[in-house]
Amino acid sequence: MAVNSAACSAWLQSEKDAVPKNLRETSTDPLSGIICDLEKSLGEALSSILQTEMKIAFGDLWTAIVYHTPPWTLADLLECYKKHWIAVFGNIIPRSFLSTIECLSTHLCKAGKVSQATTKLVLQETKMLLEIFSSRSNYDGTLPQASASVNKLCETLEKIQSGTGQNSLEATYEKMEDVTSTQHTETRTESLSVEPSAQGDRHQEIWSVLENVWNTMNLYRLEVFQKLDLSATDTAQYRSSFKEAFLGLQKLMSAVNEILAGIRQILVPNSSFQDVWTLYNFLNKNKVNTSITFTAEEFYNCVSQVMYRERLSIGCSQLVQLEHAIKLFYESVELEAKNRGWL
């Protein structure tokens, strides 16, 4: 089925216009460049897939049914995938990939600093999403082009991570954080309590540990899901690898449940210092970031701030979605593996 090239061109223009001009002109760091190119390639691919599959499902009525009509921004496209997931996309690829759409929606389409971990995460998620859709169709050549672009971006990121330019990149980020922190403090009203600079920096360090946990879990989920491929050739070596990955999936489920329990305990109304211990003990037990150490008191002070409680609430919702996706995948894999006598 032919893809509407005019709509794709309109999407590209609207996506360009959606980014503030001053941000496009001043964002020169390599990671932002990778994200920008990724959003362009991903947008073109998702636009083609969306039009094709909606036309197949609803015929000429698709424009009256689709959640957002073209021209689309990348954010519009991702919202369309979420809204039409059960009726359309969840029927043509595994429904567990909804968590991939959620992840991309969370980390893309937003101005601001991006970390190497986040960049690697969204590249991996995009690559996996394009691969699963490619197994259905090449969508008039759009997906091979997008996949080739993403592979090049992965190579670029690897060069950044292994090259000598990494330290200078981190220094640039530190300067950006200093400027942002100063601007934010100057524009606060007097009715808000102003944190001392040192304490604010400390809270950001603590929060970065939680962000690292989220990124690590998503990368590990991708790795485990790929290893639990039931379409692979049945060999003794594969069965051993499968069982190991299945145990890894069980551990991931346990970790997600433990983190969720800890966050929910912190978010209860009128929570106290005692309520941080479940999550604090998990972070220490798993040593998610050995370069940053903080006390339970410091952790409590951080998550007691309104801003960080709001972030925790958002993170809790995302973890619930991740938990659901992992559970569905676990149940389907477990049933099939038992039927084959692998477990």
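The values are calculated or read from the model by the stated rules, or taken from the named source; none is laboratory data. Keep in mind the model is a prediction, meaning the values are calculated, not measured. Every residue, glycine among them, receives a Cβ derived from its backbone with ideal geometry; neighbour counts consider all protein chains shown. For the accessible areas, the whole protein counts, side chains as well, though only heavy atoms, and no ligand, DNA or RNA atoms are used. Shrake-Rupley method; radii C 1.70, N 1.55, O 1.52, S 1.80 Å.
So here's what we get for this one:
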item	result
Out of TYR220, TYR139, sole residue that is at pLDDT 80 or above and outside any helix (DSSP H, G or I)	TYR139
For PHE294: the one exception among (1) in a loop (DSSP other than H, G, I, E, B); (2) open to solvent by 60 Å² or more (accessible area, probe 1.4 Å)	(2)
Set SER96, SER191, SER168: member being at pLDDT below 90, touching a Phe, Trp or Tyr at 6+ places or on another chain (Cβ under 9 Å) and of a type in the set (Ser, Thr, Tyr)	SER96
Residues of region 63-96 satisfying the condition of being of a type in the set (Phe, Trp, Tyr) and open to solvent by 20 Å² or more (accessible area, probe 1.4 Å)	TYR67
Listing of helices (runs of 4 or more DSSP H) fully contained in region 31-133 that carry 1 or more residues being among the acidic types (Asp, Glu) and either within 25 Å of ALA148 (Cβ to Cβ) or out of contact with any helix residue (DSSP H, G or I) (no Cβ under 9 Å at 6 or more places or on another chain) (or both)	74-83
Every pair of residues 6+ apart whose Cβ atoms lie under 6 Å, when the first sits in region 109-134 and is among the basic types (Lys, Arg) while the second is part of a helix (DSSP H, G or I) and at pLDDT 85 or above	LYS127/VAL150
Flag for ALA261 being at pLDDT 85 or above, touching a Ser or Thr at 6+ places or on another chain (Cβ under 8 Å) and aliphatic (A, V, I, L, M)	yes
Any hit, region 323-342, residues being open to solvent by 40 Å² or more (accessible area, probe 1.4 Å) and under 23 Å from GLY200 (Cα atoms)	no
